[in-house]
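The values are calculated or read from the model by the stated rules, or taken from the named source; none is laboratory data. Source: prediction; values computed, not measured. Please note: Cβ atoms are built from the backbone with ideal geometry, for glycine as well, and neighbour counts cover all protein chains shown. Areas reflect the complete protein model, heavy atoms only, side chains present, ligands, DNA and RNA absent. Shrake-Rupley method; radii C 1.70, N 1.55, O 1.52, S 1.80 Å.
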Amino acid sequence: HIDKYRKQSRVWVRETPQVYAEITKPYIDGEPVARLQWVYNILDGTSESDRVVVADDDEENGFVVLPDFKWDGVALDSLYLVVIVRRRDIRSLRDLGSQHLPLLKNIRDKVEAAVEKTYGVGADQLRLYVHYQPSYYHFHVHVTNINFEGKGMLAGRAHLLDSVIDNIENIASDYYQKASLSFVLGSDDALWPLLANKE
Ligand code: M7G
């Protein structure tokens with residue numbers, strides 16, 4: 001976490017589907033499963049079970065919502081929750097297709113309703129988005145108050161859940177397999193030696 005905010009060299013990377021297939025995907029597939037242990041502990045209920053805001057137990061379309069580490073749990077203006085999906089086969093935005101629309105819409109509908117009920121913050125006060133690249137390759141959605149502004153929502157990293165749903169539903173079901181996705185890469189990132197200064 002500290003590494004992320006340290007001064008480091010940064011480059012803009014445009015990841016074509018070919019670069020994803022040849023470089024990024026093999027890297028993701030080779031990541032040690034142990035990096036996701038904290039996620040599995042939350043899904044199994046062995047950690048943070050007392051902090052769960054709302055959970056849906058459906059194996060395909062279910063998820064667990066809890067306060068993100070980045071939130072103090074008190075100041076609603078900086079409300080920050082993380083939605084972790086139950087299924088373990090979606091590594092990132094790149095894997096999403098029309099078969100996941102029920103999951104994505106389920107998250108949008110139920111999380112908005114639960115946040116209103118639990119915190120009194122309405123759906124029109126929330127920003128729901130996913131990161132590409134994320135730090136952890138198990139699909140999750142960030143939920144923040146629109147008044148909260150942080151590096152995590154900069155263009156080139158944050159993809160709005162509304163737009164993700166719309167792109168898949170109305171543009172192409174394989175939108176995220178065909179798109180070139182651009183992001184900033186830092187020299188401390190594990191992908192740096194693989195993706196920086198290519199071409
Ligand atoms: P990300 O987009 O993969 O990476 O989001 P980022 O950290 O660069 O934004 C993962 C999110 O999960 C971040 O918002 C983290 O703060 C949050 N997070 C990470 N861990 C290890 C935990 C945890 O153990 N518990 C909770 N509640 N949140 C975590």
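Numbers at a glance
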quantity	calculated
Test: residue 141 is near the ligand (Cβ under 10 Å from one of its atoms), open to solvent by less than 50 Å² (accessible area, probe 1.4 Å) and of a type in the set (A, V, I, L, M)	yes
First in the range 76-105 and at pLDDT 95 or above and of a type in the set (Ser, Thr, Tyr), second anywhere and in a loop (DSSP other than H, G, I, E, B) and open to solvent by 30 Å² or more (accessible area, probe 1.4 Å), Cβ under 6 Å, 6 or more apart	78/148; 80/70; 98/173
Identity of the residue in the range 64-75, among the aliphatic types (A, V, I, L, M) and open to solvent by less than 70 Å² (accessible area, probe 1.4 Å), that ends up farthest from the ligand (Cβ to nearest atom)	75
Qualifying residues in the range 152-199 (those that are among the β-branched types (Val, Ile, Thr) and under 16 Å from residue 96 (Cβ atoms)) - the one most open to solvent (accessible area, probe 1.4 Å)	171
Criterion violated by residue 82 - all others in (1) within 15 Å of the ligand (Cβ to nearest atom); (2) among the hydrophobic types (A, V, I, L, M, F, W, C); (3) out of contact with any helix residue (DSSP H, G or I) (no Cβ under 7 Å at 6 or more places or on another chain); (4) open to solvent by 20 Å² or more (accessible area, probe 1.4 Å) satisfied	(4)
Enumeration of residues in the range 4-63 that are within 30 Å of residue 115 (Cβ to Cβ), open to solvent by 70 Å² or more (accessible area, probe 1.4 Å) and within 15 Å of the ligand (Cβ to nearest atom)	4, 5, 35, 37, 38, 44, 46, 49, 50, 51
